[in-house]
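To start, the structure itself, in structure tokens.
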Amino acid sequence: TARVVTKRMKVSGMGGQRLRSDIMADTTSSTTTRYFVTFELENGKRLEFHVNDGEYGMLAEGDSGELTWQGTRYLGFER
């Protein structure tokens, strides 16, 4: 049994510029968002897992249920 205690996102991006004539042109633009959820077990231990965006959206802080994981890999959470 576990409880969702916090959620966070990490956004990283890259961009590049190229000088052409007298103007700056944006040649690349991409960002990546990673989603993380921290669970607290009954014994007080906290575990943070990377989850996909769908899981992240379905979980709310305070949710309680059965957490399944293997090593450092998140497998699922059922309320």
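Data table
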item: Viscosity 0.692 mPa s, temperature 37 °C, Stokes-Einstein D of the range 27-67 from Kirkwood C-alpha radius, µm²/s; result: 272
item: Net charge, Glu66 excluded, C-beta distance under 9 Å - Lys, Arg +1, Asp, Glu -1; result: 0
item: ³J(HN,Hα), Karplus 6.51/-1.76/1.60, whole Hz, each residue of the range 41-46, x for Gly, Pro; result: 7, 4, 7, x, 5, 10
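Quick note: the coordinates plus some simple rules give every number you see, no bench work behind them. Source: prediction; values computed, not measured. FYI the Cβ positions are ideal-geometry reconstructions off the backbone, even for glycines, and counts take in every protein chain you see.
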